[in-house]
Amino acid sequence: MIEEIKDINLLKDLFDKYKKDYNAIVNDYTFIYAYKLDNKYVSFVVAKILYEQAEIIDIFTLEEYRKRGIAKELLNTIINKKEEENITLEVNINN
C-alpha cells in the first residue's frame with residue numbers, strides 16, 4: 001500500500017537503512033510517498049516540485065523487497081498524482 005507521508009518519523013528506520021543520519025524535509029514543495037508491506041515501510045521516494053517540474057530526490061527499497069516493482073509503483077504514483085509535465089531523476093555510477 002502506498003501512503004503520502006507527512007510525519008517523517010514514521011520512516012526513521014527505513015531512512016537509517018538508506019543512509020546514516022538521512023533526513024528528508026517535508027514542506028510545500030517537497031513530498032514523500034512510502035510503500036508499506038508486511039505492516040512495515042519497505043520503500044520510499046522523496047520528490048520536490050519547483051517551477052512546474054517534479055524532481056526525484058531519493059528513491060530507496062529495502063534489498064529483500066527489490067525486484068517486485070515497488071519502486072515502479074511509487075514512481076507511477078508521482079506521475080499520476082502530480083500535474084507537472086516534467087519529472088526528472090538524476091543518477092550516477094555510484095547509485
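The values are calculated or read from the model by the stated rules, or taken from the named source; none is laboratory data. All figures in this text were calculated on a predicted structure; none of them were measured in a lab. Using ideal geometry, Cβ is built from the backbone for each residue, glycine included, and neighbour counts are taken over all protein chains shown. These area figures cover heavy atoms from the full protein model, side chains too; ligands, DNA and RNA do not enter into them. Shrake-Rupley method; radii C 1.70, N 1.55, O 1.52, S 1.80 Å.
Does Leu74 qualify as being under 22 Å from Phe15 (Cβ atoms), open to solvent by less than 70 Å² (accessible area, probe 1.4 Å), aliphatic (A, V, I, L, M) and in contact with a helix residue (DSSP H, G or I) (Cβ under 9 Å, 6 or more places away or on another chain)? Answer is no for this residue.
Condition check ((1) without any contact (Cβ under 8 Å) to a residue 12 or more places away in the chain; (2) in contact with a Pro (Cβ under 6 Å, 6 or more places away or on another chain); (3) assigned to a strand (DSSP E or B); (4) surrounded by fewer than 20 Cβ atoms within 10 Å (Cβ to Cβ)) across all residues:
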position: Lys20; (1), (2), (3), (4): yes, no, no, yes
position: Ala24; (1), (2), (3), (4): no, no, no, yes
position: Asn27; (1), (2), (3), (4): yes, no, no, yes
position: Phe31; (1), (2), (3), (4): no, no, yes, no
position: Tyr35; (1), (2), (3), (4): no, no, yes, no
position: Val45; (1), (2), (3), (4): no, no, yes, no
position: Lys48; (1), (2), (3), (4): no, no, yes, yes
position: Ile56; (1), (2), (3), (4): no, no, yes, yes
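In summary, Tyr35 fulfils each of the numbered conditions (1) in contact with a helix residue (DSSP H, G or I) (Cβ under 9 Å, 6 or more places away or on another chain); (2) modelled with pLDDT under 95 with the single exception of condition (2). Counting the residues of the stretch 20-67 that are acidic (Asp, Glu) and within 22 Å of Lys81 (Cβ to Cβ) gives 4.
For the stretch 58-91, a residue qualifies if it is assigned to a loop (DSSP other than H, G, I, E, B) and touching a Lys or Arg at 6+ places or on another chain (Cβ under 9 Å), and exactly one does: Leu62.
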